[in-house]
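The values are calculated or read from the model by the stated rules, or taken from the named source; none is laboratory data. Everything numeric in this text was worked out from a predicted model, so none of it was measured. So basically every Cβ, Gly included, is an ideal-geometry build from the backbone, and we count neighbours across all protein chains shown. In case anyone asks, the SASA skips ligands and DNA or RNA and just uses the protein heavy atoms, side chains included. Shrake-Rupley method; radii C 1.70, N 1.55, O 1.52, S 1.80 Å.
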Amino acid sequence: MSVAQNVGIRKTVRQLLVAVAACTAVAGGATFAVGSDADHPVTPQTVAGVAEDNGWPVVPPKPTPTN
């Protein structure tokens with residue numbers, strides 16, 4: 001192997017390790033963010049209209065045309 005190949009391999013390995021470290025940090029942050037929200041229950045949201053028992057919004061019926 002030449003010196004140029006060794007330098008290229010080292011650079012590739014270094015970049016791979018940096019990418020792995022960055023992904024691990026992001027995944028750890030996401031896990032922490034999701035885990036810290038578990039203490040507070042989420043209240044269901046209703047969108048303009050009446051909600052059924054399952055929490056999905058109900059579309060109001062179309063009005064009948066008057067002649």
Which condition from (1) at pLDDT below 65; (2) surrounded by 10 or more Cβ atoms within 10 Å (Cβ to Cβ); (3) among the hydrophobic types (A, V, I, L, M, F, W, C) is the one that Cys23 breaks? (1)
For the condition at pLDDT 65 or above, part of a loop (DSSP other than H, G, I, E, B) and charged (D, E, K, R), what is the one hit in Lys11, Lys62? Lys62
Could you tell me whether Gly28 is modelled with pLDDT under 80 and either open to solvent by less than 80 Å² (accessible area, probe 1.4 Å) or polar (S, T, N, Q) (or both)? no
